[in-house]
Each structure stands twice: as structure tokens, then as C-alpha cells.
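Below: one structure, written as C-alpha cells.
The values are calculated or read from the model by the stated rules, or taken from the named source; none is laboratory data. Computed from a prediction, not measured in an experiment: that's the story for all the values here. Don't worry about glycine lacking a Cβ; one is built from the backbone with ideal geometry, like all the others, and counts go over all protein chains shown. Side chains are part of the model used for accessible areas, which takes the heavy atoms of the whole protein and leaves out ligands, DNA and RNA. Shrake-Rupley method; radii C 1.70, N 1.55, O 1.52, S 1.80 Å.
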Amino acid sequence: MNAPLPSRPAKPILGSDNDPDGIFVAARDAIPILPTPRLPDAFSWPAPIGESLSFLPLEFPAAQAMAVPAPAPSAPPAVMAEPPRPDPPPSAVLSEQPAFHQPPPQERIVIEELGLRALRVTGTSGGDRLFGGPGDDRLDGLGGDDILMDSPGRDLLYGGPGHDTIRYDLLRAEVSLDTRFQRIGLEDGEDQYDGIEVIDLRDGDWFLTAEDPAALVQRLWLAATGHAPTAAEMIRESAALQAGGTAEALAGSLATGAGEAFRLQIQAALDAPREGGLDQPLWVPDADALLLARLCELGLGGAPGRDAFLHWLDELEGGRSPTSLAAELLATPEGQAQAAYADGQALALAAASWML
């Protein structure tokens, strides 16, 4: 006869004398008591940059004994879930500040086939100011009159419908322009453009289409005189058209005293279509830059360094009077050695005479 099995010791009853601390479970199949899991010391949360981690506790409680009911057989194990990540920003760029995002895979492939890694910045149907990053970018202005700001790298610059401008913080001598292949040569490479009407530099503008006032002035002047206008004439008449003057008024002033043949040529130039690209880009100097160049030529005997030129140009564009700047030029060692003018007013008048 087999020996009887040893009797199973009775488990303490919750709250009884055998369970003075009340830390046991009275159920037959009670699970073991487990301490509350602790996170490791080197804990990192895969939250997006900038997302607040304030929901995480600063201190975790020590393990405590507690009564735990047996889990249901079908219940999955608890998993610590990541917090929801925010949706990516939209592709549209507000005119007040730039926004960047990667182009869709199919567009990124096309761009990388050209040998460029590009960020794409997209405008809206209105007038936008778009900024690139430090790498190779693609700027799409879409509708409206947009300004596409230059940035380092080899950029693709698309103006779209409207009157669009590329703006460089450079001088004309530092840039080359190829209108046939629509390329802009820079020190750090080439930019490619399309749908652009104006390339704006610090010392002037290149106009690329027949619809700009400068192109109309050029066409009427050639018809009336047989030669291109001077820089002063181009600046003055273009500014008059932009301020509300009419092409008919300019044509009428040019036709005054002209012979019949010239009047017919002027009328033909006035009636010519004002759309499409120009065969050659039209350079129009900036009035302040031209005045500064003349001040330096007369007062200093030549052009200053690039940094000095841009510094004085910023001051003129900021409202400083030519007379005050002329006096400063005359006070430099170069100006004192030149000693060509008695004071700043005399130099300023001489430099401004080109506008008369």
C-alpha cells in the first residue's frame, strides 16, 4: 500500500493571525508577488525633438507588495506605448518665414539624378519670399510675384506665373549669367532658374523679359535716337514708368522734334508686343550704387574694397545723405591724398551731376 501523500500546508488567510501584514492572497491559484518594475538608469525616450517630456515622472516609487488578481488567460501583456508623434508640417511656405521639407520620393529621385541633394521649398498662389538652406535647394514660387532669396549651394529656382525675382547679396562682377541655358554662375557653383523676370544684385538688376519698364525704355530710346540710353537716362525713365508714367507720354517726349521716320519707328516700338524673353539681358544699375561709385572715383581716386563699398551702400540705402558720406570719404587717407574737393557738399554735387 502506497504511503499517503503529505498533506499540503494550508495557506494563511488574508487578515488572519497567520497573515499579520496582510500581504498574501487567499485564492488557491494566487500568483507570486512581484515588485513594481523599475526603469533602467540610462533611460531615453524616443520623443521627437522639441516635444515635452513633462509627462514622465521624475522619481519612480520603490517596489511595494500588493494583492494582484490573476490575469485573464486571453489578456495580452502590458506594453509601454510611445506617445503619438505630431504630424509633419505642411509643404506651403508662409511669406514671413521659411519652412523646409523633403520632396516626395519620386521628386527626390529626379533631383538626385541631376547630381543634387535638394530641399524643396514651395510658395503659395500669392507673393512669397522664399529662403533656401545651406545645401542644394529647390525653390518653387508658384503663383504671384515672388522673391527667391539666394543661399549657398547649387539651387533650382522656379518662379512660376507672375513677376518673379531672384535676389543675390552680390555685386555684378561676382556673378555670370547665361540666359541661353538659364544658369547663374557663382563662386560656389551654378544655380539653375526658370520662370524668372529679374535678377536683383546689390549694384543693379538684370531684366530678362520685354514686359519690364526698362525694356520699354530701351526699345523706345533705340527707335528715337538710334542708340541705347545712358545709365542715368535708363534709371530716370524707368523710375518714372514705375511711378505711374505711361509709355505713350515717354514716346511723345522722344518724338518731339524728331523727323517723320523716327516718329514711325517710335510708334512701331510702342506697339510692339511687351511679352516674352529678351535676346540679351538688360542691365540697369542701382541709383545709390552708381552714385557711390562716382563719389569714390572722384573723392578717393578709385573704387574701395568690397566690404567698404557694401558698408557705404547700406548707409546710403538706409537714408544717409550723400553730402555726409562725401565728407567722410574726403577725411580718409585716400581722400586727403586726392584733395580734389573742398568739402563734402562740393564732392556730392559733382558726383550727382551724372543724373542731370
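Within the bounds of the range 208-219, is there any residue that is surrounded by fewer than 18 Cβ atoms within 10 Å (Cβ to Cβ), over 30 Å from ARG263 (Cα atoms) and out of contact with any Leu (no Cβ under 9 Å at 6 or more places or on another chain)? Within the range 208-219, none of the residues are surrounded by fewer than 18 Cβ atoms within 10 Å (Cβ to Cβ), over 30 Å from ARG263 (Cα atoms) and out of contact with any Leu (no Cβ under 9 Å at 6 or more places or on another chain). Taking the conditions exactly as written (acidic (Asp, Glu), closer than 30 Å to ALA255 by Cα and surrounded by 15 or more Cβ atoms within 10 Å (Cβ to Cβ)), does ASP205 satisfy them or not? It is true that ASP205 is acidic (Asp, Glu), closer than 30 Å to ALA255 by Cα and surrounded by 15 or more Cβ atoms within 10 Å (Cβ to Cβ).
Restricting the first member to the range 246-263 and to residues that are of a type in the set (Lys, Arg), and the second to residues that are surrounded by 15 or more Cβ atoms within 10 Å (Cβ to Cβ), the beta-carbon pairs closer than 7 Å and six or more apart or on different chains are ARG263/ALA255.
Only one of the numbered conditions (1) touching a Leu at 6+ places or on another chain (Cβ under 7 Å); (2) of a type in the set (Lys, Arg); (3) over 21 Å from LEU157 (Cα atoms) is not met by ARG202, and that is (3). Residues in the range 161-211 that are part of a helix (DSSP H, G or I) and not small (Gly, Ala, Ser): ARG172, GLU174. In summary, helices (runs of 4 or more DSSP H) completely within the range 248-356 and bearing 2 or more residues that are of a type in the set (A, V, I, L, M, F, W, C), open to solvent by 30 Å² or more (accessible area, probe 1.4 Å) and under 30 Å from ILE196 (Cα atoms) occur at 287-300. Inclusion of ARG154 among residues that are over 18 Å from GLN280 (Cα atoms), assigned to a strand (DSSP E or B), open to solvent by 20 Å² or more (accessible area, probe 1.4 Å) and in contact (Cβ under 8 Å) with a residue 24 or more places away in the chain is not warranted.
The requirement of being modelled with pLDDT of 90 or more and open to solvent by 90 Å² or more (accessible area, probe 1.4 Å) is fulfilled somewhere in the range 127-150, by at least one residue.
Residues in the range 316-342 that are farther than 16 Å from GLY301 by Cβ, at pLDDT 95 or above and either among the charged types (D, E, K, R) or out of contact with any Pro (no Cβ under 8 Å at 6 or more places or on another chain) (or both): GLU317, GLY318, GLY319, ARG320, SER321, PRO322, THR323, SER324, LEU325, ALA327. Considering GLY189, GLY160, the condition of being open to solvent by 20 Å² or more (accessible area, probe 1.4 Å) and within 16 Å of THR209 (Cβ to Cβ) is satisfied by GLY160 alone.
Summed over the range 243-276, residues that are under 33 Å from the mean Cα position of the chain (by Cα) and modelled with pLDDT under 90 total 3. Taking the stated definitions as given, is ALA232 in a helix (DSSP H, G or I) and either modelled with pLDDT of 90 or more or among the acidic types (Asp, Glu) (or both)? Judged against the criteria, ALA232 is a match. In the condition set (1) modelled with pLDDT under 90; (2) over 26 Å from SER353 (Cβ atoms); (3) loosely packed, with under 13 Cβ neighbours inside 10 Å, ASP178 is compliant with all but (1).
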